[in-house]
1. Picking from A168, A172, which residue would you name as being within 23 Å of V222 (Cα to Cα), aliphatic (A, V, I, L, M) and crowded, with 17+ Cβ neighbours inside 10 Å?
2. Somewhere in region 187-208, is a residue out of contact with any Ser or Thr (no Cβ under 6 Å at 6 or more places or on another chain), in the same structural domain as F109 (by TED's automatic domain parsing), modelled with pLDDT of 90 or more and not small (G, A, S)?
Amino acid sequence: MKQHPPSAEEVNRRLVAQYTEIATLAGALAHEIKNPLSTIRLNMELLAEDFEGSENVRDRRAAQKIETVQRECDRLQNLLDNFLSFAKIRTLRLEPTDLNALIRRVLEFFAPKARESGIEVICYLDPDLPSVVLDQENFHGALINLILNAQQAMPNGGQLVVRTRQTAAGVALDLIDNGTGIDERTQAQIFDAFFSTKPGGSGLGLPTTRKIVEAHGGQIGVQSEPGKGTQITIELPLPARLTAAK
């Protein structure tokens, strides 16, 4: 009996099932690593207390080595936390959302860091922007990550333009900084897991952000030029009912 090749829907279901299994196993492994890591960190803290204040040369050398281990433990802890966030299978709590209002809340949260860093935030938010359907907590986290990246790209201060606009298929959000910019080779890799240009960076912040955007049916892109700045654009679809009404 001749077998028919699997349909695109069946292939997609299998891929989703495989991804879910891998993500579950990876998350479980990360949790298993966190348990002994917590024990190591606790014992390093106790050892550091034992050597604290000692004037003995040998003790000071030991204290420096303990401090190095503590730093590496902290780095591993951050990596595991970021990996768990990246690998997490998200169940979105979608609700109609005023994207402009969500952006204002994010910028209000960022305002103290902006002042401290000498960053001027300029907003061009379309007052007629239609509502979109978002998981507000997840999307809030994605925007914070992008804005903090922009801040790090402007170590001497600068301008961050935040713009919303309507598109043929929905809405778009542009985040434009006049920071250090990104070369073409880096642009091609910034959304790849574990790729980072920052010393000690996990390389999971932007891939996690992309996963969140794509989980909402959207897409994220980057345009940049070294020495001139970077524009990150998120495009989101409108709910089916609103799209049909246009």
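The values are calculated or read from the model by the stated rules, or taken from the named source; none is laboratory data. For clarity, every value in this text was computed on a predicted model and none was experimentally measured. Cβ placement follows ideal geometry from the backbone for every residue including glycine, while neighbour counts extend to all protein chains displayed.
1. A172
2. no
To keep it simple, each residue is scored yes or no on (1) part of a helix (DSSP H, G or I); (2) buried (at least 17 other Cβ atoms within 10 Å of the Cβ); (3) among the hydrophobic types (A, V, I, L, M, F, W, C).
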site: D59; (1), (2), (3): yes, no, no
site: A63; (1), (2), (3): yes, yes, yes
site: T68; (1), (2), (3): yes, no, no
site: R71; (1), (2), (3): yes, no, no
site: R93; (1), (2), (3): no, no, no
site: P96; (1), (2), (3): no, no, no
site: F139; (1), (2), (3): yes, yes, yes
site: A142; (1), (2), (3): yes, yes, yes
site: A150; (1), (2), (3): yes, yes, yes
